[in-house]
Amino acid sequence: MPRKYEQLGADIIKNVGGKENVVSLAHCVTRLRFKLKDESKANTDVLKAMDGVVTVVQSGGQYQVVIGNAVTDVFDEIIAHQGISGAGGGDDAAAEDDNANKKPLDIFIDTVSGIFTPVLGVLAASGMVKGLTALLAAFNILSTDGGTYKIMTVIGDAFFNFLPIFLGYSAAKKFKMSEFAAMAIGAALVYPSLSQIMQGEPIYTVFEGSLFQSPVHLEFLGIPVLLMNYTSSVIPIIAAVWVGARVEKFYLKTVPTLLKGFGVPFCTILTMIPLTLLIVGPISTWLGQLIGAAATGIFNVSPVIAGLFIGGGWQVFVMFGLHWGLVPIMIQNIVTFGADPVINTMFGASFAQIGVVLAIILRTKDLKLKGIAIPAFLSGIFGVTEPAIYGVTLPRKKFFIISCIGGAIGGAIFGFLGVKQYMFGGLGIFQLPCFIDPATNDLSGMYSGMIVAAVSFAVGFGLTFPIYKDDAPAVAATSAPTSSEPAPIQSADNTIEEEVTLKNETLRSPLTGNLVKLPDVPDPVFASGVMGQGIAVEPTIGKVVAPADAEVTTLFPTGHAIGLKTSNGAEILIHVGMDTVQMNGDGFNTHVQQGDKVKKGQLLIEFDIEKIKKAGYPIITPVLITNSVNYKEIKPVESEKINSGDNLISTVV
């Protein structure tokens, strides 16, 4: 193994705080995944600048050092020479479940993100429908008495009304409970008869005269049931499933094997639904109301200062995953109070970010930076700012700070104007209709949002454009190697390998499915392009075939990713799904080995699409040219769908 990997491994361990700071180490196809005792001891800036390191990502209690194709070699060298034991690819899934070494905040963020990520797309889509409906009604395009308006209302409200059922499913996957038992608890919380009972006269009132005064409409075995409105609620079902997972685990140990198939679900729902209605639901509802009231109370002390803090810090929260801790507060406020005036002050942050990025696009002469910045700008319009953060502004720190300043000013204006968000919807420009009050069709909130977006954008652009300069002279396109010139190939680990004559070539699609542009990939490292340019496919058939005649340079043990190198010099990474390393190879079947020579169209990997989806992982599969820096242009096809064997990517030297 090359000496460079041994030295790189030693340098990495030194700069993560030494081996005594490492709790555990695993790796996936591109990243070393550290769990550190104290992340503040790591020299993040030094690591990012190190030859052989692409970037560093800190998220959910993991300190991820992105290496590229050479990650296995670096990992092996660390294990062999640095006195650290570690898990190979995929074995860190078990470690994820062990919270013993995690900080409480990391546990909380990991839990909330794990529960909300699977439902976030439909949650946002439903909110966008509600916003669109309110917009059409406000402009009198739709009559509120008409059938179209009523059906649109059903489309927008359905998911929210039964949100406890959907959250029951995702919470069950996180807490390791039977999904359908958890959904049954969620269904009980929104059962129509309970809300009808609440409309009648109460039998009596408990806790009279206190903060927790509650009417009692019915009893269960003589015990008063404190009925709450659980429609669209968040905290009660999550708390119920957390308790339910432990109750179910008890019954799994005690119910005889012969009866487990129906006995465990029977005992679980018979225990948990009354327990939820009697104790867990009311307590968690009161807790949610207190959290929402506290957040609103703090905000009301000084809305402008609160807006400065949330708007200015939002992109930092996103980088560290901390925004997940604020999303439930937004939803809770909307459910409890009908609107949220607090978390929506982050609205201007994405517009400040794209203002900075546009200024850089117009000023830079660096073709590679333009190639990253343009798609990052486009995705940022719709509120997806990770590509802009990781690929453009964060590596140029002062411009990231400028984007935070723009977000802070936008947040302060929001706080001053008292704009409220009435529904949870999309981000970026799609968030604007969420500021329309559906009860009055008042458009003033949306117009205020437009002002904030314009001001935040102008601050980001105006502060960046006059001062931006490229760090080094840009490489002119004419200096790129031609097909007749041998070029030193820069690999994904940023080291120079043997000279190879690069040639123009057209790579075929290794998959059949729907095309996804790289900035839309739900992983900031892939989306930012730092791992290489290319495109992604959302497959409809679970087969990966060779896109060209090539050598298998990397084959991950879990079978979820493969690296290839063509005879013309293109280095290709095909990564099936997002975070599928944690499936430990379940659902994947490889048909080649590392070092094999393969022919175009040859079957490389088979994978079970439904099993990946059921495990909760996106199946979007990036196809990247990891040595993109050696090419003048990487040109993906312009299409919506692709068949295996169709032209997918052209490389231009």
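Just to be sure before I move on: is Phe400 open to solvent by less than 30 Å² (accessible area, probe 1.4 Å), more than 22 Å from the chain's Cα centre (by Cα) and of a type in the set (Phe, Trp, Tyr) in the structure I sent?
So Phe400 fails the test.
Enumerate the pairs (first residue in the range 316-337 and under 20 Å from Ala171 (Cβ atoms); second residue anywhere and open to solvent by 30 Å² or more (accessible area, probe 1.4 Å) and at pLDDT below 70) with beta-carbon separation below 6 Å, excluding pairs fewer than 6 apart on the same chain, so at least 6 apart or on different chains.
Cβ pairs passing all conditions: Gly321/Ser59.
What's the total number of residues in the range 25-52 that are farther than 24 Å from His575 by Cα and open to solvent by less than 20 Å² (accessible area, probe 1.4 Å)?
Here is the first cut: in the range 25-52, the residues farther than 24 Å from His575 by Cα are 36-47, 49-50.
Those left that are additionally open to solvent by less than 20 Å² (accessible area, probe 1.4 Å): 36, 42, 47.
So the count comes out to 3.
Looking only at the range 350-369, which residues are under 26 Å from Leu47 (Cβ atoms) and open to solvent by 10 Å² or more (accessible area, probe 1.4 Å)? Before the answer, list the steps.
Initially, the range 350-369 is screened for residues under 26 Å from Leu47 (Cβ atoms), giving 353, 356-357, 360, 364, 366, 368-369.
Matches in the range 350-369: Asp366, Lys368.
Out of all the residues in the range 259-273, is one or more under 23 Å from Thr336 (Cα atoms), in a helix (DSSP H, G or I) and open to solvent by less than 60 Å² (accessible area, probe 1.4 Å)?
Yes, there is a match, as at least one residue in the range 259-273 is under 23 Å from Thr336 (Cα atoms), in a helix (DSSP H, G or I) and open to solvent by less than 60 Å² (accessible area, probe 1.4 Å).
Please identify the pairs in which a residue from the range 410-425 that is in contact (Cβ under 8 Å) with a residue 40 or more places away in the chain and basic (Lys, Arg) has its Cβ atom under 8 Å from the Cβ atom of a residue that is crowded, with 24+ Cβ neighbours inside 10 Å and in a strand (DSSP E or B), counting only partners at least 6 apart or on another chain.
Pairs that qualify, where the first residue is in contact (Cβ under 8 Å) with a residue 40 or more places away in the chain and basic (Lys, Arg) and the partner is crowded, with 24+ Cβ neighbours inside 10 Å and in a strand (DSSP E or B), are Lys420/Asp340.
Take the range 151-198 and flag every residue that is surrounded by fewer than 18 Cβ atoms within 10 Å (Cβ to Cβ), at pLDDT 90 or above and within 15 Å of Val234 (Cβ to Cβ).
Matches in the range 151-198: none.
Surrounded by fewer than 23 Cβ atoms within 10 Å (Cβ to Cβ) and under 24 Å from Pro118 (Cβ atoms), is that true of Val521? Don't jump to the end; show me each part of the working.
Values: surrounded by fewer than 23 Cβ atoms within 10 Å (Cβ to Cβ): no; under 24 Å from Pro118 (Cβ atoms): yes.
No, not satisfied.
With the condition kept exactly as written, say whether any residue in the range 616-631 is in contact (Cβ under 8 Å) with a residue 24 or more places away in the chain, in contact with a strand residue (DSSP E or B) (Cβ under 8 Å, 6 or more places away or on another chain) and open to solvent by 60 Å² or more (accessible area, probe 1.4 Å).
Yes, because at least one residue in the range 616-631 is in contact (Cβ under 8 Å) with a residue 24 or more places away in the chain, in contact with a strand residue (DSSP E or B) (Cβ under 8 Å, 6 or more places away or on another chain) and open to solvent by 60 Å² or more (accessible area, probe 1.4 Å).
Since Gly425 meets every condition but one in (1) among the small types (Gly, Ala, Ser); (2) farther than 15 Å from Gly529 by Cβ; (3) assigned to a helix (DSSP H, G or I), which condition does it not meet?
(3)
If I filter the range 428-467 down to residues being among the aromatic types (Phe, Trp, Tyr), touching a residue at least 60 places away in the same chain (Cβ under 8 Å) and in a helix (DSSP H, G or I), which single residue comes out as least open to solvent (accessible area, probe 1.4 Å)?
Taking the range 428-467 as the starting set, the residues that turn out to be among the aromatic types (Phe, Trp, Tyr) are 430, 435, 447, 457, 461, 465.
Filter again for touching a residue at least 60 places away in the same chain (Cβ under 8 Å), leaving 430, 435, 457, 461, 465.
When the remaining residues are screened for being in a helix (DSSP H, G or I), the result is 430, 435, 457, 461.
Working: Phe430: 92, Phe435: 3, Phe457: 60, Phe461: 57 Å².
Only one residue tops the list, namely Phe435.
Between a first residue in the range 298-313 that is closer than 14 Å to Gly418 by Cβ and of a type in the set (Lys, Arg) and a second residue that is open to solvent by less than 10 Å² (accessible area, probe 1.4 Å) and modelled with pLDDT of 90 or more, which pairs have beta carbons less than 9 Å apart while being 6 or more apart in sequence or on different chains?
From residues that are closer than 14 Å to Gly418 by Cβ and of a type in the set (Lys, Arg), there are no pairs.
Considering only the range 334-349, state which residues are part of a helix (DSSP H, G or I) and open to solvent by less than 10 Å² (accessible area, probe 1.4 Å).
The initial filter retains those residues of the range 334-349 that are part of a helix (DSSP H, G or I), namely 334-337, 343-346, 348-349.
Ile343, Asn344, Thr345, Gly348, Ala349 - these are the residues of the range 334-349 that are part of a helix (DSSP H, G or I) and open to solvent by less than 10 Å² (accessible area, probe 1.4 Å).
The values are calculated or read from the model by the stated rules, or taken from the named source; none is laboratory data. Here the structure is a predicted model, which means the values were calculated and not measured. Heads up, the Cβs are rebuilt from the backbone with ideal geometry, glycines too, and the neighbour counts pull from every protein chain shown. Please note that ligands, DNA and RNA were not included when accessible areas were found on the heavy atoms of the full protein model with its side chains. Shrake-Rupley method; radii C 1.70, N 1.55, O 1.52, S 1.80 Å.
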